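Each reported figure results from applying straightforward, stated rules to the coordinates on display, with no laboratory input. These figures come from a predicted structure and were not determined experimentally. Backbone-built Cβ (ideal geometry, glycine too); neighbour counts: all protein chains shown.
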Amino acid sequence: MLKAFIGTFINKIDAKGRISVPAPFRTSLQARGLTGVALYPSLTGECIEGCGIDRIEALVESMQDAALPSVDDDAIAHLIVGSARETPFDVGGRIVLPEDFIAKAKLTDKGAFVGKGRTFQIWEPEALAKTQDALMQRVLAGRKAQLSAGKDEAR
């Protein structure tokens, strides 16, 4: 059974681009026999996506093996598989973030790991706070609209 990536952890990034992967995240990956993290630029925000290489392999397996791939499979191949990088843990549980990923996510001296269940993201901490505030406002506005329309559905 997959141990979910949960919680938020802020860790320092050193001058060489190394960052410690939170211990619960490492434990989840190592329990699956993995010795590092697969990273790729996020398709949903200014951050880095992270997961086990097994997730990337499962994604590839789910794609049709066709001479002419579907539009979605082709996009996944280019944007996720083609940009993904394996980053092994060092003896201290750190990984080296690729320089181009650091630039795209606008990371400087800290990275915020955000568990998202099967995957996690690495954000610049202030950008994460702003994104989470915007998400909360959207949820609250949606909830308010739902209540005023009398559509309080249990979830």
Using modelled backbone amide H atoms (1.01 Å from N, in-plane), which distant-in-sequence or interchain residues come within less than 5 Å of CYS47's amide H?
SER42
The stretch 86-155 pair-distance distribution - Cα-Cα, 5 Å bins, rounded %
3, 13, 15, 18, 14, 10, 9, 7, 6, 4, 1, 0
Averaged over all directions, how much area does the convex hull of the C-alpha atoms of the chain cover when projected, in nm²?
11.6 nm²
May I ask you to derive the relative contact order of the stretch 4-155, considering only C-alpha pairs under 8 Å and at least 6 residues apart, and to give it as an integer percent?
34 percent
Gain upon complete extension [SER70, ASP54; 0.36 nm per residue less C-alpha separation]
3.5 nm
Trypsin sites (Lys or Arg not before Pro) within the stretch 44-151: which are DSSP loop residues with at most 15 other Cβ atoms inside 10 Å?
LYS106, LYS116, ARG118, LYS151
Spacing of the two label points (7 Å from each Cα toward its C-beta) at ALA129 and LEU79, in nm
3.0 nm
